[in-house]
Amino acid sequence: MGAGKTAAPPRRRDDRKVAWLFLAPVLVGFVLFYAYPTVLGVYYSLTDYGMLAAPNLVGAENYRDLVDDDKFWNALKVTGYYVVLNIVSQTVLALALATLMHRLTQSVAIRAMLLVPWLVPNVTVGLLWMWMLDANIGFVNHVLRAVGLSTTGFLTSPTWAMPTVAGINTWAYAGYTALLLYAGMLQIPRYLYESASLDGAGEWRMFTRITLPLLRPVLALVLVVSLIGSFQIFDTIAVTTKGGPVGATRVIYFYIYEQAFTNFRMGYASAIAVVLALLLGVLTAVQMRLLRASRSDLA
């Protein structure tokens, strides 16, 4: 008998068209809601667009005005102050809550309770705390009077306004951040804690030598998200202080809003937004590099 013909290998199916079909809605959404507005914003930043007339190109004039704008630099300073307050308070509280859940309890009910403030809209949170902290009828000041302490205008004092806003947002987001950190802690093998306990290590030593080092990738993610979110603070300010008193809470996002929709300087507001986006990109890259977010000590 003659040798039979060798069967041709089965032809591999090309799924690229199907893949692009599934990716199409995401790509269309990205172009419409991210890429196009970004390009349009950069274009407007080079114009004198004021919403009432067609934009005219003015080159880098808006950016030159930005350098000499004292209110812009003050808004940037106020935002930086808020970012430090919010990230420090939120991260410390979230770490404490996550550690307590990890070491003491894994109750689903407690996790659900921690998530409730995050689910409430920021405008509602702002209104709730504005009423509670009111200098005359607020519950907090009523308690202070009841125990013989003087009342405080938490949202009307230049000294207390920004720490109060940071405290409000810490209350709203610390639970959600704690759940992210708690999820990262669950990935740490239990035998590491058991071995350390047998060696006589206490809770604090295990937290600093085991939990924190092995939690670094998740902690880096939390810090980056918190940094970006802190720079974007707007709704709580708009509801409670409206940038006051005397500019003490006029953060950069609120200043962009004022320039765009109060002063109708859309081109100038777009220039500020472009500078802010670049600043956030640099800060995020530096933060990721310093925290070595892509590396894990968990082998």
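A few remarks follow.
- For the stretch 204-225, the criterion of being in a loop (DSSP other than H, G, I, E, B) and farther than 20 Å from Q287 by Cα is satisfied by no residue at all.
- Which numbered condition Q287 misses (of (1) in a helix (DSSP H, G or I); (2) under 30 Å from L128 (Cα atoms)): (2)
- Hits in the stretch 208-237 - residues which are surrounded by 18 or more Cβ atoms within 10 Å (Cβ to Cβ) and without any contact (Cβ under 8 Å) to a residue 24 or more places away in the chain: I210
- Filter result for the condition that a residue is at pLDDT below 95 and not in a helix (DSSP H, G or I), over G126, G148: G148
- Search result, residues across the stretch 129-141 that are surrounded by 14 or more Cβ atoms within 10 Å (Cβ to Cβ) and either more than 25 Å from Y173 (Cα to Cα) or of a type outside the set (D, E) (or both): W129, M130, M132, L133, A135, G138, V140, N141
- Candidate set: the stretch 68-111, residues that are open to solvent by 30 Å² or more (accessible area, probe 1.4 Å), small (G, A, S) and part of a helix (DSSP H, G or I); chosen: the one farthest from Y257 (Cα to Cα): A109
- Members of the stretch 157-183 that are closer than 20 Å to M101 by Cα and either surrounded by fewer than 21 Cβ atoms within 10 Å (Cβ to Cβ) or of a type in the set (K, R) (or both): W171, Y176, L179, L180, A183
- Any hit, the stretch 277-294, residues being crowded, with 21+ Cβ neighbours inside 10 Å and among the aliphatic types (A, V, I, L, M): no
- Which numbered condition F154 misses (of (1) open to solvent by less than 40 Å² (accessible area, probe 1.4 Å); (2) under 28 Å from S107 (Cα atoms); (3) free of Cβ contacts under 8 Å to residues at least 60 places away in the same chain): (2)
- The condition (being at pLDDT 90 or above and over 15 Å from the mean Cα position of the chain (by Cα)) is satisfied by just one residue among G281, G267, G229: G267.
- Of the helices (runs of 4 or more DSSP H) lying entirely inside the stretch 3-67, those carrying at least 1 residues that are modelled with pLDDT under 90 are 16-30.
- Residue in the stretch 189-203 that is out of contact with any Ser or Thr (no Cβ under 8 Å at 6 or more places or on another chain), without any contact (Cβ under 8 Å) to a residue 24 or more places away in the chain and within 28 Å of L85 (Cβ to Cβ) present: no
- Of the residues Y182, Y176, Y191, the single one that is among the aromatic types (F, W, Y), at pLDDT below 90 and within 30 Å of P213 (Cα to Cα) is Y191.
- Flag for Y253 being assigned to a helix (DSSP H, G or I), open to solvent by 60 Å² or more (accessible area, probe 1.4 Å) and more than 24 Å from P121 (Cβ to Cβ): no
The values are calculated or read from the model by the stated rules, or taken from the named source; none is laboratory data. Owing to the predicted nature of the structure, the values given are computational and were not obtained by experimental measurement. Every residue, glycine among them, receives a Cβ derived from its backbone with ideal geometry; neighbour counts consider all protein chains shown. When the accessible area is computed, the model is the full protein with side chains, heavy atoms only, and any ligands, DNA or RNA have been set aside. Shrake-Rupley method; radii C 1.70, N 1.55, O 1.52, S 1.80 Å.
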